[in-house]
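Below you'll find the structure, written out as structure tokens, and then a few comments.
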Amino acid sequence: MAIFSREDWDFWKENGYVVVPNAVPRENLDAMVNTIWEFLEMDPNDPEDWYKHTPYRGRNRASMISASGMVEIYQHQALWNNRQHPRVHQAFSEIWETEKLWVSLDRANMKPPSREDKPDWQNEGNIHWDTDTSVEKVPFGVQGVLYLTDTSEDQGGFRCVPGFHNMFEDWVKTQPEDRHPRHPDLDGLEVKSILGKAGDLIIWHRLLAHGNGHNRSDRPRLAQYIRMYPVASREKDALEDRIAAWQNCRPTSRWPGDPRDWEHKTQKPAKLTDLGKKLLGVETWN
Ligand SMILES: O=C(O)CCC(=O)C(=O)O
């Protein structure tokens with residue numbers, strides 16, 4: 001049975017994002033949440049503990065977590081169990097109209113509530129694109145985030161400018177020549193915070209300006225990034241890097257990584273299902 005209904009497609013076309021509810025089972029969510037806390041060496045029940053690490057910013061990559069809550073974990077079994085869950089693959093397959101996809105080897109997010117007395121942790125989020133929008137025609141692509149816990153609008157979750165993919169071309173004509181190709185001037189644009197339930201997978205069109213928000217709640221925001229894309233649209237030489245990353249329990253080369261090398265030191269390569277092997281690229285789609 002198809003995941004997306006006619007209403008979902010209409011919503012997707014109009015807004016540029018769509019929500020897949022219950023994308024993975026509850027035990028996968030719990031395992032991923034526990035893994036994040038273990039990785040961060042934090043007690044989930046002690047809010048004071050959530051701020052114990054100094055986050056990295058920009059090029060200073062001396063921490064396992066960034067100021068916007070990016071958690072430098074990439075290959076743990078709990079991450080892979082979500083990547084290789086069939087419903088997640090099916091959702092991306094319906095969008096791409098092919099099942100022959102690779103999965104991104106992306107990380108997780110833990111954004112603690114913003115606190116006056118914790119200046120390192122007052123991140124308000126930023127709205128950006130992960131692609132250079134100054135090129136003639138930005139190729140179609142999607143990104144995704146899996147909500148690991150129920151997330152309210154003020155909890156620092158996903159935000160975007162809904163429908164921006166439809167107005168991008170006209171909007172660009174109103175912008176100065178030297179506009180930033182990755183950070184839009186938000187004047188006149190409406191940014192919306194997307195609340196979600198645990199297990200919601202939000203998939204968005206890469207032309208939507210997006211980011212995560214300011215966590216003004218009293219609960220941490222927890223999420224995992226998952227994106228899929230057709231194999232043919234990628235360089236094949238990325239494959240070696242992907243397989244080595246999986247085998248060594250490390251990030252692929254473009255990511256910051258964890259200065260402790262915790263995954264490499266404590267984990268074994270994740271067990272992959274037949275689907276997982278194809279999504280990694282260690283087995284080919286026929
Ligand atoms: O944390 C989020 O929901 C958004 C993440 C983001 O901005 C990105 O993946 O580029």
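Bear in mind that the values in this text are calculations on the coordinates, not laboratory data. This is a predicted model, so every value here is computed, not measured. Here the Cβ positions follow ideal geometry from the backbone for every residue, glycine too, while neighbour counts run over all protein chains shown.
Here is the list for segment 136-185: GluC sites (Glu not before Pro) lying in DSSP coil, each with at most 16 other C-beta atoms within 10 angstrom of its C-beta, are E136, E153, E177. Distance between Cα centroids, segment 233-276 to segment 40-70: provide it in whole Å. Measuring centre to centre over Cα atoms gives 22 Å.
At a 10 Å Cβ-Cβ cut-off, how would you order H165, H210, H183, fewest neighbours first? Present the calculation step by step, with values, prior to reporting the outcome.
Values: H165 23, H210 27, H183 14.
Starting with the residue having the fewest Cβ neighbours, the order is H183, H165, H210.
Shown here for segment 72-179: chymotrypsin sites (Phe, Trp or Tyr not before Pro) in loop regions (DSSP other than H, G, I, E, B) with at most 14 other Cβ atoms within 10 Å, namely F140.
Close amide H partners of W102, meaning residues 5 or more places away or on another chain with modelled amide H under 5 Å apart, are Y229, V231.
The gain in end-to-end length when the E190 to M1 segment is fully stretched comes to 64.5 nm, 0.36 nm per residue minus the alpha carbon separation.
Working note: Karplus 6.51/-1.76/1.60 with θ = phi - 60° gives segment 48-53 the couplings 4, 6, 5, 10, 6, 9 Hz, where Gly and Pro are set to x. Classify the chain as rounded, prolate or oblate from the Cα gyration tensor: take a ≥ b ≥ c as the square roots of its eigenvalues, call it rounded if a/c is under 1.5, otherwise prolate when a/b beats b/c and oblate if not. Here the chain falls in the rounded category.
Out of the GluC sites (Glu not before Pro) in segment 208-286, which ones are loop residues according to DSSP with at most 11 other C-beta atoms within 10 Å? Counting only loop positions with at most 11 other Cβ atoms within 10 Å, the GluC sites (Glu not before Pro) in segment 208-286 are E235. Legend: distances between Cα atoms for K111/K173; K100/K265; K13/K197; K13/K173; K197/K265; K111/K277; pairs beyond 24 Å are K111/K173; K100/K265; K197/K265; K111/K277. Model label sites at E41 and T273, defined 7 Å from Cα along the beta-carbon direction, differ in position by 3.5 nm.
Computed from backbone phi, the HN-Hα couplings of segment 200-211 come to 6, 9, 9, 10, 10, 5, 5, 7, 6, 5, 8, x Hz, rounded to whole numbers (Karplus: 6.51 cos²θ - 1.76 cosθ + 1.60, θ = phi - 60°; Gly and Pro given as x).
Please work out how much length the chain gains when fully extended from R26 to I243, using 0.36 nm per residue of separation minus the C-alpha to C-alpha distance, in nm with one decimal.
On the way: separation 217, 0.36 × 217 = 78.12 nm, distance 2.82 nm.
This chain segment gains 75.3 nm when fully extended.
When a/c is below 1.5 the answer is rounded, else prolate if a/b is larger than b/c, else oblate, so apply that to segment 181-286 with a ≥ b ≥ c taken from the square roots of the Cα gyration tensor eigenvalues. Judged from the Cα gyration tensor, segment 181-286 comes out prolate (a/c at least 1.5, a/b above b/c).
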